[in-house]
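*Asks:* Sharing a structure with you now.
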Amino acid sequence: MSCDENNDAGGRVRQPSRRSSVPAPMPSLAEVQHYPAILAGLTLPVIVDLRRQVGHLVADLDAAFCQAMTTAEAQHPRAVAELDRLLTPAAAAARFGVTKRWLLDHADEIPGVRRLSRKIIRFSERRLARFLVRAQV
């Protein structure tokens, strides 16, 4: 750059633009959770860093969850298997407050239905509960 390039039209010497060396304040994830409005005033680099932290946290939580499930399954294999029960139409109707007829009419739409024979049908308690919650929304 020559000396002429550093002068403006009035002959004054221009100073090179400097970026602020003061880093933007970094809120903690807990602060963001309690005060989501904080996000509106953050700079892009701070938002990117918070997103990176959340990604790492999710990965750590997934790893801990898998480890806990593996440990629980090893210690109590029967307890994990018994979390879901197969219910008769009468038991499922009583448990979820619907009629037996409604369950049988909608059996093809409900996930987790087991047809043991032409006349015997069972409903997965967990999957039926999820289905009914989603159907209400």
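What follows draws every value from the coordinates through simple rules; no lab data is involved. The model shown is predicted, which means the values in this text are computed figures rather than measured ones. Positions of Cβ are generated from backbone atoms using ideal geometry, with glycine treated the same way; all protein chains shown enter the neighbour counts.
*Asks:* Please give, to one decimal in nm, the separation of the simple spin-label points placed at THR70 and ARG51, each 7 Å out from Cα toward the Cβ.
*Replies:* For the pair THR70/ARG51, the computed spacing is 3.1 nm.
*Asks:* So, one more: If I model a spin label at LEU29 and LEU83 as a point 7 Å from the Cα along the Cα→Cβ vector, what separation in nanometres do I get?
*Replies:* Once both label points are built, they end up 2.2 nm from each other.
*Asks:* Return PHE96, PHE123, PHE131, PHE65 ranked ascending by Cβ neighbour count within 10 Å, so the fewest neighbours appear first. Walk me through the numbers before you get to the answer.
*Replies:* Numbers: PHE96 16, PHE123 27, PHE131 19, PHE65 10.
Fewest-to-most Cβ neighbours within 10 Å comes out as PHE65, PHE96, PHE131, PHE123.
*Asks:* State, to one decimal in nm, how far the label point of VAL58 lies from the label point of LYS119, with both points 7 Å from Cα in the Cβ direction.
*Replies:* The modelled label-to-label distance comes out at 5.1 nm.
*Asks:* Separation of region 59-77 and region 115-129 by C-alpha centroid, Å?
*Replies:* The two parts, judged by their Cα centres, are 28 Å apart.
*Asks:* Among SER117, SER124, SER28, what is the fewest-to-most ranking by other Cβ atoms within 10 Å?
*Replies:* On the way: SER117 6, SER124 19, SER28 11.
Going from least to most buried by this count: SER117, SER28, SER124.
*Asks:* When only DSSP loop residues count, what trypsin sites (Lys or Arg not before Pro) in region 33-137 have their Cβ near at most 16 other Cβ atoms within 10 Å? Could you put the intermediate results ahead of the total?
*Replies:* Numbers: sites: ARG51, ARG52, ARG78, ARG85, ARG95, LYS100, ARG101, ARG114, ARG115, ARG118, LYS119, ARG122, ARG126, ARG127, ARG130, ARG134; in loops: ARG85, ARG118, LYS119.
Taking region 33-137 and a limit of 16 other Cβ atoms within 10 Å, the loop trypsin sites (Lys or Arg not before Pro) found are ARG85, ARG118, LYS119.
*Asks:* Please list, in chain and number order, the residues 5+ apart from ARG85 or on another chain whose amide H is under 5 Å from its amide H, with Hs placed from the backbone.
*Replies:* Distant-sequence amide H within range of ARG85: GLU125, ARG126.
*Asks:* Using a cut-off of under 11 Å, list every residue of region 101-134 whose amide N is near the label point 7 Å from the Cα of ALA91 along the Cα-to-beta-carbon line.
*Replies:* 122-125
*Asks:* So how do THR43, THR88 line up by other beta-carbon neighbours within 10 Å, fewest first? If you can, show how the numbers build up before the last one.
*Replies:* Working: THR43 11, THR88 14.
Going from least to most buried by this count: THR43, THR88.
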